1. From the backbone phi of the range 40-51, what are the Karplus-calculated ³J(HN,Hα) couplings (6.51 cos²θ - 1.76 cosθ + 1.60, θ = phi - 60°) in whole Hz, Gly and Pro given as x?
2. Among 28, 59, rank each residue by its count of other Cβ atoms within 10 Å, from fewest to most, as a rough exposure measure.
3. So if I place +1 on the C-beta of Lys and Arg and -1 on the C-beta of Asp and Glu, and nothing else carries charge, what would the dipole magnitude of the range 21-70 be about its Cα centre? I want it in debye, nearest 20.
4. Along the Cα→Cβ direction, 7 angstrom out, place labels at residue 63 and residue 38. What is the inter-label distance in nm?
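Taken together, the values in this text are just the output of simple stated rules run on the coordinates, not laboratory data. Everything numeric here is computed off the predicted structure, so don't read it as measured data. Backbone-built Cβ (ideal geometry, glycine too); neighbour counts: all protein chains shown.
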Amino acid sequence: MCDSEFRTLRIDPRFPFQNQTKACYTNYCDFYKCKRLLGEESDDCKIFKRYFETICPNYWIEHWDELREKGAFPGPI
C-alpha cells in the first residue's frame, strides 16, 4: 500500500501542447533557480519539483543531477 497521496497536476498554461519535453526541462531549471534564490526549505519551490518529477523520465533527472554535481549542466540554474 502506498502512503503518499496521488494527484494529477493542474495544466501549466506555459506548455499547452502534448509534448512535455520543454516543460520537463524548464520546471527542472526553475526548481533549482528557485531553490538557489529562496533557500533549501522554501515551500514556494515545491510546485516546480512536483511538475518535473511527474513529467520527466527518471533517467533524465538522474543525468541532469550528475551534470549539476559536476558543474556541467547546460541550463540556467
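1. Calculated HN-Hα couplings, in order: 4, 9, 5, 6, 5, 8, 4, 5, 4, 5, 4, 4 Hz.
2. Values: 28 25, 59 8.
Fewest-to-most Cβ neighbours within 10 Å comes out as 59, 28.
3. Once rounded to the nearest 20, the dipole reads 200 debye.
4. 2.9
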